[in-house]
Amino acid sequence: MINFIGKFHPLLVHLPIGFISFWLIIEFLERISSYKSGEKTKQILLISSAISSIISSVLGYFLSLSGEYNVELLDEHKWLGIWLSVLLVLISIIYYLLKSKIYFKYIYNGSIFLVCILLTLTGHHGGSLTHGEQYLSLSQLSENKNENVVEIKDIKQAVVFSDLVQPIFNKKCVACHNTGKLKGGLLMDTYENLLKGGESGAVIIASNSAQSELIKLINLEPIEKRAMPPKGKIPLTTDEKALLTWWIDAGATKDKKVSELKPDAAIMAVLTKFQAGGNAHNTDETPSLPEVTAAADKDVQAIQMLGANVQKMANNSNLLDVRVIINKKDWDDKKTENLSKIKEQVYILDLSGTAISSKSLNEIAKFSNLNKLFIQNTNLDDANLEALSNLSKLESLNLYNVPISDAGLKKIASIKSLKKLFLWKTKINQNAIEALKKSNPELEIVVGITA
Amino acid sequence: MNTFQENLRDITRRNFLYNLSTGIGSLALGSLLGGCGGLLKSDGSSNSKNPLGLKSPQFAPKAKRVIYLHMAGAPSQLETFDYKPLLHKLDGQNCPESFLKGQRFAFIKGTPKMLGPQATFKQYGNSGAYVSNHLPFTSEIVDDLCFVKSMHTTEFNHAPAQLFMHTGSPRLGRPGIGSWVTYGLGTENQNLPGFIVLASGGKTPDAGKSLWGSGFLPTVYQGVQCRNAGDPVLYLSDPHHQDRTLKGKLIDAINDVNQTHFEETQDPEIQSRIAQFEMAYKMQVSVPETMDIKDEPAYIHEMYGTEIGKASFANNCLLARRLVEKGVRYVQLFHWGWDHHGESKANDCEDGIKTRCAETDKPIAALIKDLKQRGLLEDTLVVWGGEFGRTPMKESRPGAPPDGKGRDHNPNAFTVWMAGGGVKPGFTHGETDEFGYFGVKDRVHVHDLHATILHQLGFDHEKLTFPYQGRDFRLTDVHGHVVHNILS
């Protein structure tokens, strides 16, 4: 409950900001022109600012209990907010009681000045809390070279520290470990500073990742107090951790290229993911799926009524996994036509063992996001297979026990996105398969045992 | 306010006492208090009326199905996959004191002797994985397997360790992985149970049928054991002279009554009951059809080493493939008889293990190859392993032959392999010390294995929960880390 109320803090803080700004504008106008506002107006504005900022502070406190924020920044924001509220209450009282005193003008002007400063600082800290400290920082103006990291074309020629390691630090650590911040006394902006270490000494011990404080900390579970980056920040991915570990074990060098450090096959597999287009920086938990709009419930239900299982790929995705599992022989071309209503959403389609003919392929060819297609154990043949070449996202195609021949294989070979092809029990000659393997070494072809 | 609480308000004192006196009410109340929420909370994506209806995972899964091959009794890692040349040299010497300090053993007393590997090893495949000479067929598929050499558990006796391996707790009463998985995902084939168990090797595992019980989850998620011989499921065939359509009508009528009762009480166990009646009716046709392996071609029988009508692990492997092919979510195989203590020649780490390996090696390799050529291995996760490992020390219990070659239970290190379902093929994770006694690198706890299995199926193991007795329970309790390193 408290958590929920707390969520209104970001909304409500804008009230005191509005009131205070209005009050400041009036004060400003009064000073540069002959304009005079009523005393009552100012009084109302001051009291409204005070009350609304007290409420915001309380809500802010509730929100802070959720523990999702950077503790130090939060602390500063909290106290600034509280002092601002206190100041506003004081000004309201002063305004009411001391208006007639001669020294009132000095106190009042001073307070206006103080409110300006406190408001700016509180606001800035609040913004940093929600949008991150890098969101609005001066260093961006001068150092935006960090932002657009050079794309790595050939991983072997990349300099390990400057092309691979430092960009990770820039993205995930430097926000807290820079000259302005210096958390734990550790600077991570340059190689030399990094090696100097932090409060507790060196954090990197060349050629010994197991003893390196930095590696220990990045491998802690996020809930642990000393885990780096701290809970709530974007964690390092498994590949990034592997890279950092390898770099230290290989001597934590500054200028050496990947090829000079003689990576073995295992680490090479990881490193290639850092090449342009690789996915080393994607967090592990959420394999990225293409985004599509949701299919209409009634269309989905209609297809389910026909006897297919239709199910979302995941709770957080609108893509669909469509499979005909029981009464396969009742599924024919007519039923396939009904799938056209969800043509954008079908991600996996299993029509194996059904009674479809090559006509169904025309329909399937329209499934723009189709990733896996199971049409094994059907009576399809070479006819119309070229329709499938429209499937620009198809990665896996299962054709086992389908009487297709070399001519059919040629048509399939034109599907550029294909990564896996199942061809057990087809009429394709071994030579044709060998030829395809040669021309497309990335493609994994499974042929199975020979009966 | 959820339906359950509203429902409680309807139970007045008078009504409550009346129900108590009839007994049924009190039972219903018990399970109401126990296990609501889970079903009622289910998101709109599922057909919430049918507890086995399909449900979407939390994130895009790599695996849709699981085949778990449990070698009950705990095979020795030292005679199968964990090659320790140094142990040869120590064969027959006294075990160093440091090994024994602070350790509890199931049987070893005093200072045991070390026992060298009772098998020869070679490297196979592009991955160069070591496999013992007992497993010639497995050696052909190592490039499809992902070995975890550094498994460890907290239990050193069979029954609790088996329970731990399957339910995440050494005590009775928790649901097994298969139950959690069917609870989370439902079942793809509405004519077959989502969780099927096949046991071979002459005995069911020590922990018994609790290994596939549903614990506090609604009982629809319990595993259904199919027998090796005779009717696969007992009492499924119609009695003589009973007409199938009549049976159908009977079940419809019972279900109508049950449905009315469910609407009144919202007791999920009634839904279970309805689903089970329907399932049993459909299984009358679907189960005999699926379990009958006569229609498999000769070369498939040859490949698995199956014999029609025989009860064997090989037959179960073939059945496992047939079941996942039909969309069964979780197939659990047990093969009993790996507890090689060395009290007799037939039960030691030389001959005993050889026999068990011979029974399982060919069918397992065939299963992997067969799944692969059918394209099923991509989204079927296969797991092989026991409930713990075995000691590098020789166990000589009183009365056993002095030259017996047995090993005691070792919870500190054992090997598990996985295949398919998005784990790295041809990969080895973790290492044990020079004697295969303790994991020394990248240790993986049973909870971590569970977290990883659920992750492959699209679940954050911390978020697949069921409210019971006032708190949310999970398979991994309060532990478990996904082993990202083995995921492709």
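A few points about this structure:
- Every pair of residues 6+ apart whose Cβ atoms lie under 7 Å, when the first sits in the stretch B:195-207 and is charged (D, E, K, R) while the second is open to solvent by 10 Å² or more (accessible area, probe 1.4 Å): B:K203/B:W336; B:D206/B:H158; B:D206/B:A159
- Taken across the stretch A:133-156, residues that are assigned to a helix (DSSP H, G or I), among the hydroxyl-bearing types (S, T, Y), at pLDDT below 80 and surrounded by 14 or more Cβ atoms within 10 Å (Cβ to Cβ) do occur, with at least one present.
- Test for B:I353: is it under 30 Å from A:L397 (Cβ atoms), touching a residue at least 60 places away in the same chain (Cβ under 8 Å) and not basic (K, R): no
- Screening the candidates B:G230, B:G202, B:G184 for the property of being within 14 Å of chain A (Cβ to nearest Cβ) and either assigned to a loop (DSSP other than H, G, I, E, B) or farther than 16 Å from B:Q276 by Cα (or both) yields one hit, B:G184.
- Hits in the stretch B:285-304 (condition: crowded, with 16+ Cβ neighbours inside 10 Å and away from every other protein chain (no Cβ under 14 Å)): B:M291, B:I293
- Pick from the stretch B:453-476, criterion away from chain A (no Cβ under 14 Å) and open to solvent by 40 Å² or more (accessible area, probe 1.4 Å), ranking: nearest to B:E431 (Cα to Cα): B:D472
- Test result for A:A202, small (G, A, S), within 30 Å of A:E76 (Cα to Cα) and touching a helix residue (DSSP H, G or I) at 6+ places or on another chain (Cβ under 9 Å): yes
- Screening A:K366, A:K410, A:K437 for residues that are away from every other protein chain (no Cβ under 14 Å), part of a helix (DSSP H, G or I), farther than 30 Å from B:A366 by Cβ and of a type outside the set (F, W, Y) leaves exactly one candidate, A:K410.
- For A:S340, the conditions (1) touching a Leu at 6+ places or on another chain (Cβ under 9 Å); (2) more than 10 Å from chain B (Cβ to nearest Cβ); (3) of a type outside the set (A, V, I, L, M) are fulfilled apart from (1).
- One residue from A:I205, A:I223 being in a loop (DSSP other than H, G, I, E, B), within 26 Å of B:H481 (Cβ to Cβ) and modelled with pLDDT of 90 or more: A:I205
- Subset of the stretch A:301-313 [within 11 Å of another protein chain (Cβ to nearest Cβ), open to solvent by 30 Å² or more (accessible area, probe 1.4 Å) and either among the hydrophobic types (A, V, I, L, M, F, W, C) or assigned to a loop (DSSP other than H, G, I, E, B) (or both)]: A:G307
- For the stretch A:314-328, the set of residues classified as more than 34 Å from the chain's Cα centre (by Cα) and facing chain B (nearest Cβ under 8 Å) consists of A:I325, A:I326, listed by residue number.
- Looking across the stretch B:324-347, just one residue is part of a helix (DSSP H, G or I), surrounded by fewer than 24 Cβ atoms within 10 Å (Cβ to Cβ) and under 21 Å from the mean Cα position of the chain (by Cα), and that is B:E325.
- Selection count, the stretch A:228-248, where residues are part of a loop (DSSP other than H, G, I, E, B), among the hydrophobic types (A, V, I, L, M, F, W, C) and away from every other protein chain (no Cβ under 13 Å): 2
- Subset of the stretch A:194-227 that is away from chain B (no Cβ under 14 Å) and either in contact with a strand residue (DSSP E or B) (Cβ under 6 Å, 6 or more places away or on another chain) or hydroxyl-bearing (S, T, Y) (or both) - its residue that is most open to solvent (accessible area, probe 1.4 Å): A:S200
- Any hit, the stretch B:356-377, residues being part of a loop (DSSP other than H, G, I, E, B) and of a type in the set (K, R): yes
- Residue count for the stretch B:405-452, restricted to those that are part of a loop (DSSP other than H, G, I, E, B) and either within 24 Å of A:A210 (Cα to Cα) or within 13 Å of chain A (Cβ to nearest Cβ) (or both): 16.
- Yes/no for A:K420 being within 14 Å of chain B (Cβ to nearest Cβ) and touching a Ser or Thr at 6+ places or on another chain (Cβ under 6 Å): yes
- Residue in the stretch B:439-451 that is in contact with a Leu (Cβ under 7 Å, 6 or more places away or on another chain) and over 16 Å from B:I177 (Cβ atoms) present: no
- Members of the stretch A:414-434 that are open to solvent by less than 40 Å² (accessible area, probe 1.4 Å) and part of a helix (DSSP H, G or I): A:A432, A:I433
- The set of residues in the stretch B:436-488 that are closer than 18 Å to A:L220 by Cα, without any contact (Cβ under 8 Å) to a residue 24 or more places away in the chain and within 18 Å of the chain's Cα centre (by Cα) is empty.
- Entry remark, the stretch B:239-258: residues being open to solvent by 80 Å² or more (accessible area, probe 1.4 Å) and basic (K, R) number 1 in total.
- Flag for A:F113 being more than 23 Å from the chain's Cα centre (by Cα), open to solvent by 30 Å² or more (accessible area, probe 1.4 Å) and at pLDDT 90 or above: yes
- Single unsatisfied condition, B:A400 versus (1) surrounded by fewer than 24 Cβ atoms within 10 Å (Cβ to Cβ); (2) at pLDDT 95 or above; (3) not charged (D, E, K, R): (2)
- Complete set of residues in the stretch B:332-386 that are of a type in the set (A, V, I, L, M) and within 14 Å of chain A (Cβ to nearest Cβ): B:A365, B:A366, B:L367, B:I368, B:L371, B:L376, B:L377
- Filtered residue count, the stretch A:286-300, keeping only those that are more than 10 Å from chain B (Cβ to nearest Cβ), within 22 Å of B:Q190 (Cβ to Cβ) and open to solvent by 40 Å² or more (accessible area, probe 1.4 Å): 1
- Subset tally (residues that are closer than 21 Å to A:L15 by Cα and either among the β-branched types (V, I, T) or open to solvent by 40 Å² or more (accessible area, probe 1.4 Å) (or both)) for the stretch A:40-81: 13
- Selection within the stretch B:214-227 - under 18 Å from B:K203 (Cβ atoms) and open to solvent by 10 Å² or more (accessible area, probe 1.4 Å): B:Q225, B:R227
- Residue-level check: of (1) modelled with pLDDT of 95 or more; (2) on the phi > 0 side of the Ramachandran plot, A:G307 misses just (1).
The values are calculated or read from the model by the stated rules, or taken from the named source; none is laboratory data. Because the structure is a prediction, the values reported are computed rather than measured. As a convention, Cβ positions derive from the backbone with ideal geometry for all residues, glycine included, and neighbour counts pool all protein chains shown. Ligands, DNA and RNA are stripped out before the accessible areas are found, and what is left, the full protein with its side chains, is counted by its heavy atoms. Shrake-Rupley method; radii C 1.70, N 1.55, O 1.52, S 1.80 Å.
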